[in-house]
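Worksheet: one structure, shown below.
The values are calculated or read from the model by the stated rules, or taken from the named source; none is laboratory data. The structure displayed is predicted, hence computed values, not measured ones. Because the Cβ atoms are built from the backbone with ideal geometry, glycine has one as well, and the counts that use them run over all protein chains shown.
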């Protein structure tokens with residue numbers, strides 16, 4: 001009752017205490033009070049608000065702390081004394097006051113067990129560990145744990161590394177029991193659907209709105225966090241890895257007229273590769289057919305041309321795409337692509353000038369010859385800019401003991417400076433804009449610009465790693481490879497190949513029970529391949 005906006009307004013009008021809730025109607029107040037109330041509310045609800053409470057625990061000696069702060073200001077600003085000498089002396093007086101009264105710290109200082117300590121001159125106090133239990137499936141290797149703990153310690157946090165299975169079991173068991181200890185979980189996108197089915201996660205839609213006041217999260221990844229719902233956000237995006245394009249700067253001279261790296265379509269890409277073939281004396285575009293080529297098909301080709309991965313596998317758009325790949329694109333691709341596993345090697349040897357691959361498999365080209373290469377986002381197709389991010393999200397279990405503290409950890413992990421630290425130390429790319437890349441190794445900074453451009457493109461169409469297939473995940477990769485190889489490399493009939501491989505794909509979905517995942521719309525049962 002006392003926190004209702006109308007009751008808060010009545011208290012302000014009659015008794016002069018200002019509200020602590022938003023939405024209070026100031027129109028019936030005296031004009032001066034209304035003017036002040038607007039400023040009071042803005043101050044309290046500012047994104048960077050740091051409330052500093054009145055001194056606590058000093059009893060009758062409360063006036064002494066006021067005098068110490070006044071002395072520090074007056075002696076330096078009004079009387080011109082030496083700053084270090086004054087702060088050292090008044091710091092000693094302040095510490096004596098804390099020790100003699102036994103007063104523990106109060107906000108904004110972190111809580112203390114005994115008398116509040118004054119940090120030595122010129123030193124910041126060590127951040128107190130915050131009481132948020134954070135479990136993450138990422139950064140489990142010991143070396144990575146140490147690096148991540150160093151980043152978390154800057155905010156006063158720690159974490160426990162775990163595997164996916166035990167984490168899911170623990171969160172689901174807590175949800176069923178109605179009580180749990182875990183405050184935040186960090187996991188790959190595929191870990192969240194099983195928790196969503198058990199109603200084991202909080203809706204973070206309001207937290208996302210709060211975060212968006214102070215940072216720009218990639219809209220495409222907020223969309224994936226909805227898991228196909230309209231307004232239930234199961235996770236806040238945390239970090240990503242992905243696949244991008246790389247080009248030798250020599251190749252830029254052969255771009256088709258009017259085409260840039262920023263506005264390129266797949267048709268433009270094929271025309272570019274044709275120009276390179278015609279004008280340099282040989283093919284200069286390469287693809288990692290012996291490497292992660294299935295991700296190129298699942299995450300880039302099918303989504304960009306058909307809008308889906310599984311549902312539109314054998315659509316008319318898929319037929320047109322394979323015909324284009326066979327007749328237009330592949331004839332321009334370097335024949336050694338059949339043997340390429342890591343594209344950084346043929347790029348560095350000058351065998352190819354333009355390539356697609358995972359960021360980790362391109363990084364040496366950018367590190368060794370940063371002046372020679374550019375990174376850019378994948379081209380767009382008729383249905384959008386299909387791309388495959390490996391998304392890691394942050395969720396709050398429904399039984400989190402202190403959801404506000406959990407939200408505080410998520411706020412910390414999505415700050416641009418913290419995202420930059422994770423990229424620099426651990427190699428995962430940001431999901432927020434505004435990250436400063438200037439302090440990064442040059443190769444990483446080159447890649448980071450392309451990763452951000454791809455994720456924040458207006459037509460971004462994220463195609464997630466297959467979900468729900470368990471140990472049979474390799475089978476879907478082979479189905480996509482078979483469809484491409486049989487048509488493009490072996491010259492088989494497109495309709496026949498798509499029909500047969502679609503049957504294999506549907507059998508895999510039925511036998512595993514895997515529901516659809518993005519970019520396909522959610523399904524109740526096994527994902528269905530459209531006729």
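Might you let me know whether segment 317-325 holds any residue that is assigned to a loop (DSSP other than H, G, I, E, B) and surrounded by 18 or more Cβ atoms within 10 Å (Cβ to Cβ)? Working first, answer last.
Of the residues in segment 317-325, the ones assigned to a loop (DSSP other than H, G, I, E, B) are none.
There is no residue in segment 317-325 that is assigned to a loop (DSSP other than H, G, I, E, B) and surrounded by 18 or more Cβ atoms within 10 Å (Cβ to Cβ).
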Among the helices (runs of 4 or more DSSP H) contained in segment 330-439, which hold 3 or more residues that are touching a residue at least 12 places away in the same chain (Cβ under 8 Å) and either under 21 Å from residue 457 (Cβ atoms) or in the same structural domain as residue 164 (by TED's automatic domain parsing) (or both)?
403-413, 416-426
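Tell me, which residue of segment 467-500 that is at positive phi and assigned to a loop (DSSP other than H, G, I, E, B) is modelled with the lowest pLDDT? Step through it out loud before you land on a result.
Residues of segment 467-500 at positive phi: 468, 470, 491.
Still in the list and also assigned to a loop (DSSP other than H, G, I, E, B): 468, 491.
On the way: 468: 82, 491: 95.
Checking each candidate, the answer is 468.
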Do any residues in segment 508-531 that are at positive phi have Cβ atoms under 9 Å from those of residues that are in a loop (DSSP other than H, G, I, E, B), where the two are at least six apart or on different chains, and which pairs are they?
513/468; 513/525; 513/526
Exception for residue 105 within (1) crowded, with 18+ Cβ neighbours inside 10 Å; (2) within 27 Å of residue 49 (Cα to Cα); (3) assigned by TED's automatic domain parsing to the domain that holds residue 402 falls at (3)
Being assigned to a helix (DSSP H, G or I), exposed (fewer than 13 other Cβ atoms within 10 Å of the Cβ) and under 45 Å from the mean Cα position of the chain (by Cα) is the filter here, so list the residues in segment 33-68 that pass it.
35, 38, 39, 42, 43, 66
Restricting segment 499-521 to residues that are in contact with a helix residue (DSSP H, G or I) (Cβ under 7 Å, 6 or more places away or on another chain) and more than 23 Å from residue 191 (Cα to Cα), the residue that is surrounded by the fewest Cβ atoms within 10 Å (Cβ to Cβ):
504
Picking from 216, 223, the residue that is surrounded by fewer than 20 Cβ atoms within 10 Å (Cβ to Cβ), touching a strand residue (DSSP E or B) at 6+ places or on another chain (Cβ under 7 Å) and in contact (Cβ under 8 Å) with a residue 40 or more places away in the chain would be 216
Filter segment 168-213 down to residues that are buried (at least 18 other Cβ atoms within 10 Å of the Cβ) and part of a loop (DSSP other than H, G, I, E, B) and give me whichever is modelled with the lowest pLDDT.
180
